[in-house]
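Working notes, beginning with the structure itself.
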Amino acid sequence: MPTAQRARHGGDLVVESLTALGASTVFGLPGQHALGAFDALRRSGLTYVGLRVENNAGFAADAFARVTGTVAPLLVSTGPGALMTLAALQESAAASAPVLAIGSQVPTAGLGGGRKGYLHELVDQKASFRDIVKSVHTVRTASQIPSAVAAAWASALEAPAGPVWLEIPQDVLLAPVSVPPVTSLRAEPRPLPPRPELTAEAARLLSAAERPVILAGGGVVRAGARQELRALAEALDAPVTTTFGGKGAFPWDHPLSLQSWLEDAHTTEFLEDADVLLVVGSGLGELSSNYHTFRPRGRLVQIEADLGKLESNHPALGIHADAREALAALAEAVTPRPPRPPGTAGTAGTAGTAGTAGTAAKAAAGLLTRVRERIDAQGLELEQRVLGAVRDALPDDSPSFWDMTILSYWAWSAFDPRAGALHSAQGAGGLGYGFPAALGAAAADPGRPVLAVSGDGGAMYSIAELATAHQYRLPVTWLIVDDGGYGILREYMTDTFGEATATELSRPDFVTLAESFGVPAVRTTPERLRADLAGALAAPGPSVVVLPALLRMFAPTHLDRFADGGPGDGPGPDQGCSEPDPDQG
């Protein structure tokens, strides 16, 4: 006899609400208190992607949110399952990724510190999330579920976007409901336009500037403001550099592009010499300011959706606004300056910035030449060849996801994302991001290959997700650079203390391990890397490419910029790039 249809319960209201708001995919991992919601998934049209560790499920949701620009639901259980998501949610907060994390709770009798002794019980579970997420929402009755889901959804999307936490007790998820299915919900985030008087003042400053320069951060990418940024830069004939989180905001090979060599003193000096520097979508945090050695001599105009980041590091004309709306308003308000051949008027700035209209492209090319000469003098041909092979093998429109490893630090400065996008965990700086994040991106578009890059240490955080990749046949190629340990920490400790401690790792045969999960794998060399990667990316389903290689970082410039009262390029006890930028751009 067929099984009788089960009555709807609170879990159904959760998935119906998500569906009504436009969700298509849910990431997560089931647990006892959350089973009501997972049972409802079976009766919904939502696609479920289950990972093996809650933190990795959070990374996958983070990437899905980044590549789609919409909210990514993450469904986990109480206590240990909920707490395992914290590192991933910290990354989403740093990267402004709109993840809606829905966690179950103990039965309502145990809320508020009732101390009933339920499995997974915490005195105040939501307190663990308050310092990380944008907002915390708690449901106590089934009738509250649709409105709470909608409120959390809107909070996640509202600029600055970010993760939110919603928790629902077990008994509420299991409680029968007789209300009609949820078919319509509204969760419209409030717009964040620039104030007109601030736009007018910023336009006046930029139009009158002799050496305008633009620093574009992750906020430009998140706002989808690439066209608006390009229109403004070309109207002003202003060179543009991007932060590591802002890579892809401006065309890499555009004549006005300074690319993203922010950990180079030449770039720092170029930005310092601008008489008006427009910083958009960045708080000028640690990495974006060459480890806080940036000392602007001109006027700063800062556009930032996160109110707390306005003037947090330097005085500026602060504009609290969404990057896209602000850039569009500025592009209309500035006085365009048609580019003229270099040398027709004016002089370049002291550090080589644009002196007048028409010199900007020449100044940008000069800066990149100086940066290239510095890098080429350090004997780092292997590193550049490896990164070049990755770029050559990756399809132009494929996204890539990079863990915290030496090759990733090179990519922050030297990798052209082209039509794809480069994503990394440099917002919070946790290990293990690359592979599960790539799985989340592949779930958003299973027809497009995705690249993940990890070191052997970071890869060990995510090995279990080879089972996820195989189960869902997700087209992710995982490049593992195996140097036998935590390579960047090895460099730091050796340079600082003379020898390294706790950096060397025993690790598996990654090729054999991947194959044991049913995932094709190959061991490669720098000479074969391009061909092996291209073949793996072209093949259906997941794959692993292992590159045994000891890579080095380029020398830092921040350590002695002011050691002798001025900038310098000498080496120091670390190699730069170790610490995350708290605003990812």
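The values are calculated or read from the model by the stated rules, or taken from the named source; none is laboratory data. In this text the structure is predicted, and so the values were computed from the model without any measurement. Every residue, glycine among them, receives a Cβ derived from its backbone with ideal geometry; neighbour counts consider all protein chains shown. Ligands, DNA and RNA are excluded from the accessible area calculation, which covers all protein heavy atoms including side chains. Shrake-Rupley method; radii C 1.70, N 1.55, O 1.52, S 1.80 Å.
What residue, among those in region 265-298 that are in contact (Cβ under 8 Å) with a residue 40 or more places away in the chain and aromatic (Phe, Trp, Tyr), is nearest to MET404 (Cα to Cα)?
Top of the filtered list is TYR291.
With (1) under 21 Å from the mean Cα position of the chain (by Cα); (2) touching a residue at least 12 places away in the same chain (Cβ under 8 Å) as the list, and ASP131 as the residue in question, which single condition is left unmet?
(2)
When both residues are 6+ apart or on different chains and their Cβ atoms are under 8 Å apart, which pairs have a first residue that lies in region 236-264 and is closer than 19 Å to ALA328 by Cα, and a second that is surrounded by fewer than 24 Cβ atoms within 10 Å (Cβ to Cβ) and basic (Lys, Arg)?
LEU236/ARG337; ASP237/ARG337; GLY248/ARG226; ALA249/ARG226; PHE250/ARG226; PHE250/ARG230; PRO251/ARG230
Quick one: is GLU228 modelled with pLDDT under 95, of a type in the set (Asp, Glu) and either touching a helix residue (DSSP H, G or I) at 6+ places or on another chain (Cβ under 9 Å) or buried (at least 24 other Cβ atoms within 10 Å of the Cβ) (or both)?
No: the conditions fail for GLU228.
Taking region 241-270 only, how many residues are out of contact with any helix residue (DSSP H, G or I) (no Cβ under 8 Å at 6 or more places or on another chain), open to solvent by 10 Å² or more (accessible area, probe 1.4 Å) and either of a type in the set (A, V, I, L, M, F, W, C) or within 23 Å of PHE562 (Cα to Cα) (or both)?
Number satisfying all stated conditions: 2.
LEU173 versus (1) buried (at least 24 other Cβ atoms within 10 Å of the Cβ); (2) more than 30 Å from GLN32 (Cβ to Cβ): which is the lone unmet condition?
Just one mismatch for LEU173, condition (2).
Regarding region 382-391, can at least one residue be identified that is free of Cβ contacts under 8 Å to residues at least 40 places away in the same chain, in contact with a Lys or Arg (Cβ under 6 Å, 6 or more places away or on another chain), within 26 Å of GLY224 (Cβ to Cβ) and surrounded by fewer than 21 Cβ atoms within 10 Å (Cβ to Cβ)?
Among the residues of region 382-391, not one is free of Cβ contacts under 8 Å to residues at least 40 places away in the same chain, in contact with a Lys or Arg (Cβ under 6 Å, 6 or more places away or on another chain), within 26 Å of GLY224 (Cβ to Cβ) and surrounded by fewer than 21 Cβ atoms within 10 Å (Cβ to Cβ), which makes the answer no.
Can you find a residue that is over 29 Å from ALA438 (Cα atoms) and in contact with a strand residue (DSSP E or B) (Cβ under 7 Å, 6 or more places away or on another chain) anywhere in region 109-116?
yes
Tell me which helices (runs of 4 or more DSSP H) are completely within region 451-542 and hold 3 or more residues being without any contact (Cβ under 8 Å) to a residue 60 or more places away in the chain and either within 25 Å of GLY28 (Cα to Cα) or in contact with a strand residue (DSSP E or B) (Cβ under 7 Å, 6 or more places away or on another chain) (or both), or say none if there are none.
Because the criterion is at least 3 residues that are without any contact (Cβ under 8 Å) to a residue 60 or more places away in the chain and either within 25 Å of GLY28 (Cα to Cα) or in contact with a strand residue (DSSP E or B) (Cβ under 7 Å, 6 or more places away or on another chain) (or both), the helices (runs of 4 or more DSSP H) in region 451-542 that meet it are 456-459, 510-516.
Please list, ordered by residue number, the strands (runs of 3 or more DSSP E) wholly in region 229-348 having 3 or more residues that are closer than 27 Å to ARG190 by Cβ.
276-280, 299-304, 317-320
Let's see how each residue does on (1) assigned to a helix (DSSP H, G or I); (2) open to solvent by 30 Å² or more (accessible area, probe 1.4 Å); (3) at pLDDT below 95; (4) farther than 26 Å from ASP456 by Cα:
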site	(1), (2), (3), (4)
GLY352	no, no, yes, yes
ALA363	yes, no, no, yes
GLY366	yes, no, no, yes
THR369	yes, yes, no, yes
TRP412	yes, no, no, no
HIS423	no, no, no, no
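If I go through region 143-170 residue by residue, how many of them are over 24 Å from ALA95 (Cβ atoms) and either in a loop (DSSP other than H, G, I, E, B) or open to solvent by less than 20 Å² (accessible area, probe 1.4 Å) (or both)?
Counting residues in region 143-170 that are over 24 Å from ALA95 (Cβ atoms) and either in a loop (DSSP other than H, G, I, E, B) or open to solvent by less than 20 Å² (accessible area, probe 1.4 Å) (or both) gives 4.
Within region 72-83, is there a residue that is among the aliphatic types (A, V, I, L, M), under 17 Å from ALA442 (Cβ atoms) and either touching a His at 6+ places or on another chain (Cβ under 7 Å) or buried (at least 24 other Cβ atoms within 10 Å of the Cβ) (or both)?
So far as region 72-83 goes, yes, one or more of its residues are among the aliphatic types (A, V, I, L, M), under 17 Å from ALA442 (Cβ atoms) and either touching a His at 6+ places or on another chain (Cβ under 7 Å) or buried (at least 24 other Cβ atoms within 10 Å of the Cβ) (or both).
I'm told ALA65 meets every condition in (1) within 30 Å of GLY283 (Cα to Cα); (2) in a loop (DSSP other than H, G, I, E, B) except one. Can you identify the failing condition by its number?
(2)
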